[in-house]
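Below you'll find the structure, written out as C-alpha cells, and then a few comments.
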Amino acid sequence: MFNTLAQKLSAVFDKLANRGILTESAVDESLRAIKVALLEADVALPVVKTFIQNMRDQVVGEKVVKAVSPSQMVVKLVHDELVKTLGDSRALNLAPRRQNVILMLGLQGSGKTTTSAKLALRLQKSGAKVLLASLDTYRPAAQQQLAELGAQNGLAVLPIVKGEKPLDIARRALDEAKLTAADALILDTAGRLHIDAEMMAELAEIKRLSDPAESLLVADAMMGQDAVTTARTFADAIGLTGIILTRVDGDARGGAALSMRAQAGVPLLFLGVGEKADALEAFDAKRIAGRILGMGDVVGLVETAIEKVNQDEARKTAERMMSGRFDLNDLLSQMRQINKLGDVKGLMKMIPGIAKFSDQIDKADISNKTLRRQEAVILSMTPRERRNPDIIKASRKLRIAAGAGVSVNDVNRLLKHYEQTAAMMKQFKKMGPAGMMSLMKKMGGMPGMDSLMNNDALASLNPELTLKGKK
Amino acid sequence: MSWLDKLKSGLKKTAGLFTARTFDAASVEELEEALIRADVGLTATRRIMQDIQSKKSRESDEIRAAVGRVLVEKMQPVARPLTIDAARKPYVILVVGVNGVGKTTTIGKLARQYRDQGLKVSLVAGDTFRAGAVEQLQLWGDKTGCRVHAGKPGADAAGLVFDALAASRKAGDDVLLIDTAGRLHNRADLMDELKKIVRVIQKADASAPHAVELVLDATTGQNALTQVKIFQEMVGVTGLIMTKLDGTAKGGILVALADAYPLPIHAVGVGEQADDLHAFTAAEYVDSLLGGA
C-alpha cells in the first residue's frame, strides 16, 4: 500500500539520470519524498515540518553534493536524523532502598494494564520487589484484569476493596509498599481523555500524593496525528518522565513515536511487542527509525530469530548446508524453524530491502499453512525416502499424498522445492562463505544487512523463501 | 450534552482547524494541512483537493462550503445505521477489531440500544484470552439486563460461540452479540482463529453471522486502512464502528476509508457510558472534521 522512502528517492534520482551529484531541484524533490514518507508513517505534520527543515540544512551541505550515490546517501541522512530525534532510551530511574512509584497513564485502550504487568515482571526478574495496584475504578473489571495478570505471572497485586476510590487505593498501596519493603510500586491508572478536566485533575492529585519516580505515558504505536496533542497535554498537565510504545508487534509504521518524542520532550523507554507478559523490550531508536522509513526491522528480525530458533539445530543444518549435503530431513528441520518464528509473511517483510516486494510477498503462496502442508508431506515419507528423495516415483507419490491428505501435485511441488533448495545449497558450497555473503548483500543492498548476515541464526532461514521475494 | 456538542467540545480544545474563506494558494494549503492533521491521509486528501478544484462553481464561493459539500457527498453513502432483520432469530452480530479499540464497551452500548428497543439480547464473552475480559462483559450484561454466555478462561472461543448460538436460539433471542479477543491483523494464527469462529457460526446457522462489525479507534492513523483491508479479507466485515470520537482525534481516516472501501459506518462512540453510541451522520461528522462552521 505504501511506497517506501527508499523506493521514492530512487525514483527521484532515476529521473535525474546518473548526474551523480545532488542538484538544488533534486534536494527539493527529495525533501518532498521524505515529507510524504513521514506523513504516510503517521508522523504529525508540525513534527514533519521541523524535521524537513533540519534535513534541508544537512542535505544542502557539501558532504552530500559529492556523494556518489545520492539516493542512498539521503536515505542514510534521514535515517540518522530520525535516530537522533527519537533519542536514546534509558533505564528506569529507581532509587535504592525506597518505594519508587511508577505511575502508568494514558488514553483508554492504550495497553496500560498489560504494560504494567510486563514492567512489573521485568523489574521482578531483575531482582526488585514489586507491588502492582490498579486505580481504575471506571472500566468494568479493570481491577480484576490486573489481579488476574498478577496471579498468572506470580506478581504481587494489591487486593481489591470494592467501592474504594482511586486516591484511597493509592494511599493503601503506598502503605502496603512501605510495609512490605517493596522497591517499586506500579500504579495502573484508568484510561482517560487528555481533555477530560475532571479526570485529569484526579490524575494530578494521584501524582501529588504518590510522588512518583517515573510518570510513564503508555501510547499505541498505531496512533495517528493526534499523538502530538495527547503527548503534549499529558506532559503539560501531569508531567511525564518517559513514554512506552505499545503494539509495536503490529504493522503500523509507528510515526507517532517521533511525534510524541518531539512534543513531550521525554525519552521513549520501552516497546510492547506482544500480548505475553514478557513481551516488553528496551526502546531502540534504530529499529523504530527503520520502520518509519519502511526499511524493515532488522533488529526485530534478528531478535526473533535468536529467541525462537534452536541454535544447535540451526548450526547443524547450516553445517550440512555448507557441506553440500541436504536431504528432506534438513528441509523439514528448516521449515519447522521458520514456522517457529511466527508469521512467515510478516517475517519476510522485516528483512531490509524486501519491504519493497511486500506486494509480491502478499500474492505469493507463502504462508504458515503451506509450510504445515509441506511438513505433512515429508512426514508421510519413510526414513529411507527422506534420505534419498530420488527413489520417490509414481506409486510412492500416491501413497505419500494419501498419507498427508494432499494431492500428488502437492507432493511434486514439495519435491521441486526440495530440488531447488538442494541446488542452491550446492552453489553455496561452491561459493564458500564469502561468496554467499556477497550474494546476500546483492539481494539486500541496505544498511543493516551486514549485521544480519553475520548472525548464525539466519542460517536457519530458508534461502528459497528469502530469494523468492526478489523475483 | 448532545453527542454533537461532545464532539464539538472535544474539537474546540484544539486550535481552530480551518478558518480560511476564499480560494487562494494559502487557503488551499491550509485546507490540505487541516485534512492531513485530521488523519485523512495523503491519498484521500489529494483526491478531495482535486474534487474541490473541479467542482468549484464560482470564484466567490467560500472554500469552507465547497470542501464541506465534497466531503458530505463522499460520506453520505456510507452513513447507514445497522438495521436488525427481525426474520433472523437471533440476529447474530460478530464484533471484531485490534486490541484496545473498545469492542467490549461497544457491545455494552449496543446491548443497551437493542434492549431499549424492546429486543431480547444475549451476549457471548468470546474473548477468552485477555485477563478480565469475561468479567468486563459480565458487568455490562448485568447493567443492561442481558444474559451473558461465558466459558472458562482460555477455553476455545469457537466452541463457546457454537453452544451460545444454540442456547440463544432456544431462548428465542432477537439479537446475539459476540465479543471476540482483540487481535492484530498481521497475526496469521489469530486471524485463522477468527475465521474458525465464523465457520462454526455458519455451521449452526448458514445465514449467520448477519453482521460483522469492525471496531476502529478514532486515534488510529493510517494503519486503520490495513486493518479494514485484512479483517475484510479474512472475515467479511459488513460495517464499521468508530470509537473514542469524544477526544481530540478527528477520525479523518473514515474519509480515506470511504474512498477505499464502500463499507457502511454503522455507529460512532463518544464516551464510556451505555448511551454514548450514536448513528453516524455525514453532515455532523464533516462539521466536526472541519472545526465547526
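What follows draws every value from the coordinates through simple rules; no lab data is involved. Please read all numbers here as calculations on a predicted model, not as lab measurements. A quick note on method: Cβ atoms are made from the backbone with ideal geometry, for glycine too, and the neighbour counts reach across all protein chains shown.
For chain B, adding -39500 (n - 2.57) for each run of n ≥ 4 DSSP H residues and dividing by the number of residues yields -14500 deg cm²/dmol at 222 nm.
In this label model, A:R97 and A:N412 are separated by 7.8 nm, measuring between points 7 Å along each Cα→Cβ vector. Counted by neighbouring Cβ atoms within 10 Å, the residues A:R384, B:R147 run from fewest to most as A:R384, B:R147. Full extension of the segment from A:Y138 to A:K84, taken as 0.36 nm per residue of separation minus the current Cα-Cα distance, would add 15.5 nm. The label-point distance for B:D192 and A:N54, in a model that sets each label 7 Å from Cα toward Cβ, rounds to 4.3 nm.
Separation of the stretch A:366-416 from the stretch B:206-251 is 41 Å, based on Cα centroids.
Helix B:188-204 versus the longest principal axis of chain B: what is the Cα-based angle in degrees, 0 to 90, to the nearest 10? Compared with the principal axis, the helix lies near 60 degrees. B:D173: net charge of surrounding residues, Cβ under 10 Å, Lys/Arg +1, Asp/Glu -1, itself excluded? The answer is +4.
Along the Cα-to-C-beta direction of B:E33, a point sits 7 Å from the Cα; which residues of the stretch A:32-60 have their amide N less than 14 Å from that point? So the set is A:44-53. Amide H contacts of B:Y91: B:V175, B:L176, each under 5 Å away and 5 or more positions distant or on a separate chain (H built 1.01 Å from N in the peptide plane; Pro and chain starts excluded). Excluding same-chain neighbours fewer than eight residues apart, the aspartates and glutamates reachable from B:K120 by a Cα-Cα span under 15 Å are B:D85, B:D142, B:D173, B:D174. Enter the Cα centre distance for the pair the stretch B:127-152 and the stretch A:114-190, rounded to the nearest angstrom. Centre-to-centre distance over Cα atoms comes out at 22 Å. Which residues in the stretch A:96-110 place their backbone N less than 19 Å from a point set 7 Å from the Cα of A:K129 along the Cα-to-Cβ direction? Residues A:96-102 fall inside that zone. The calculated FRET efficiency for A:D327 paired with B:D156, based on their beta-carbon distance and R0 = 60 Å, is about 0.95. For the pair A:R32 and A:L209, label points projected 7 Å from Cα toward Cβ lie 5.6 nm apart. Could you name the aspartates and glutamates in cross-link range of A:K393, using Cα to Cα under 13 Å and dropping any fewer than eight places away on the same chain? Result set, ordered by chain and number: A:E385. Please check: in the Gaussian network model of chain B (C-alpha springs, under 10 Å), which one of B:L160, B:L139, B:L245 has the largest mean-square fluctuation. Looking only at B:L160, B:L139, B:L245, the biggest GNM fluctuation is shown by B:L139. For the listed residue pairs B:K152/B:K196; B:K203/B:K244; A:K369/A:K416; A:K49/A:K118, the alpha carbons are over 25 angstrom apart in B:K203/B:K244; A:K49/A:K118.
Per residue of A:140-147, what is the mean number of Cβ atoms on other protein chains within 10 angstrom of that residue's Cβ?
That works out to 6 on average.
For chain B, a Gaussian network of Cα nodes joined below 10 Å ranks B:M75, B:M242, B:M191 by mean-square fluctuation, and the top entry is B:M191.
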